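Scroll down for the structure; my scribbles are underneath it.
The values are calculated or read from the model by the stated rules, or taken from the named source; none is laboratory data. On a predicted model such as this, the values are computed, not experimentally measured, just so you know. In this analysis, Cβ positions are derived from the backbone assuming ideal geometry, glycine residues included, and neighbour counts consider all displayed protein chains. The protein model used for the area step is the full one, side chains on, heavy atoms only, and it has no ligands, DNA or RNA in it. Shrake-Rupley method; radii C 1.70, N 1.55, O 1.52, S 1.80 Å.
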Amino acid sequence: MSEQTPAQAQAPEFIWDHTVTVVNDLNEVERTFADHGLTAAYGGKHVGHGTENALAYFGVNYVEFLALYNAHEAAAESPEQGLLFREAAQLLPGRERFYRPGLRVHGIEQVAQHLHSKGIVTGPVIPGNRTTSDGQEIRWKLLWILSDTQASVPGPRYPFILDWLEDEETHRETLEHSGLLHRHPLGEVFTQRAVFTVSEPEAVAARWSEVFGFAKHSGNGYIDLDVAEGRQWRFVKGTDKDPDTGDDINEITELRYQVPQGASFDIALGSARFASL
C-alpha cells in the first residue's frame, strides 16, 4: 500500500452543513412549512448586515431562509467580507430561490490554504455572528469563495465555508441542547440530496470533486457527489434560462428528503422546491 503524501494526509473534510434560500417573507415561509407538517422557526438578525433568517433543521443539516430587514445595509457589504448579504440585496425582492450551500469544516485557516492551492480565490477568513430571538449570540468563522481560476465552464454559485469552532460531537450536542432538532409534526425528516440544474453537469461535478475531494458517481442522466453523512449533491442537465438574466440556469433547484413511511410533502417557494423522496 502506498503511503499518503503530506498534502493528501492533510486534505480537509468538507461536510454539507446547510443551504441558504433567499425569500421575502419569513413569516410566510414558517406558515407554508407548518401547513406541510414541518417546522421553520425564526433564527435572528445578522446585526449590522441587514439580513435576518428562519431555520428548518433536518437532522444536523438545515435550510437557512434569508430575508432583508435593511436592504441598504446589506447592499453596502463588500464581496470579500459579506458576499451573502450583498447578493441577497441584489436578488431580492425578485425571484425567491436557493442561493448557495454551506460546507462545514474544522480549521478554516488551513482549509483556505487548501482551496488556494486548487486555484480558488477567496476572501479573508472573517468572524460571523447572529443574535437569536432570546438574545443569545452565536459565533463562527466564515470564508467566501469569490472565483475559480481553473473552472472550464459556467457553474452554480460556489459553496461558502464555515467553521462552527467546535468538533462534530460538540456541534451535534449544541444543536440538541438548543432545541432545534426533532421538531417536525410530520416526524423525523432528514436531508438526502440537493439537485443542481446546470448546463454542463459532467464538467461542473468533476471540478467540484477535485476542489472539495467529494467522491463522484455517474447514474442514468445524473452525476452524484458524496458530500458526507450519506448525502449527495446531484447534477442534472438543464436547458431553461434564468428569467432574470437570460443566462443558462446553473443553480440548486430542489432539496430532497427522507420522511417517515406514509408521509410526503412537496413545497415550492419561487423556484426553490422542497420535496420528499
Please verify whether the range 223-238 includes one or more residues that are at negative phi, open to solvent by 30 Å² or more (accessible area, probe 1.4 Å) and out of contact with any strand residue (DSSP E or B) (no Cβ under 8 Å at 6 or more places or on another chain). no
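Rundown of residues vs (1) among the aromatic types (F, W, Y); (2) within 21 Å of H36 (Cα to Cα); (3) without any contact (Cβ under 8 Å) to a residue 12 or more places away in the chain; (4) not in a helix (DSSP H, G or I), yes/no style:
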residue: H184; (1), (2), (3), (4): no, yes, no, yes
residue: T197; (1), (2), (3), (4): no, no, no, yes
residue: A203; (1), (2), (3), (4): no, no, no, no
residue: V211; (1), (2), (3), (4): no, no, no, no
residue: N220; (1), (2), (3), (4): no, no, yes, yes
Suppose we keep only residues that are small (G, A, S) and in a loop (DSSP other than H, G, I, E, B) within the range 45-65. Which one would you say is nearest to W16 (Cα to Cα)? G59
Select from the range 9-44 the residues that are in contact with a strand residue (DSSP E or B) (Cβ under 7 Å, 6 or more places away or on another chain) and part of a helix (DSSP H, G or I) and list them in ascending order. L26, V29, E30, T32, F33
Quick check on the range 251-275: of everything there that is open to solvent by 20 Å² or more (accessible area, probe 1.4 Å) and within 15 Å of the chain's Cα centre (by Cα), which residue is nearest to N24 (Cα to Cα)? R273
Inside the range 73-178, counting only helices (runs of 4 or more DSSP H) that do not spill past its ends, which hold 3 or more residues that are within 28 Å of F58 (Cβ to Cβ) and open to solvent by 80 Å² or more (accessible area, probe 1.4 Å)? 168-178
In the range 1-40, residue surrounded by the fewest Cβ atoms within 10 Å (Cβ to Cβ) [restricted to those that are modelled with pLDDT under 95 and small (G, A, S)]: S2
Scan of the range 165-192 for residues that are modelled with pLDDT of 95 or more and not small (G, A, S), ordered by number: H184, P185, L186, E188, V189, F190, T191, Q192
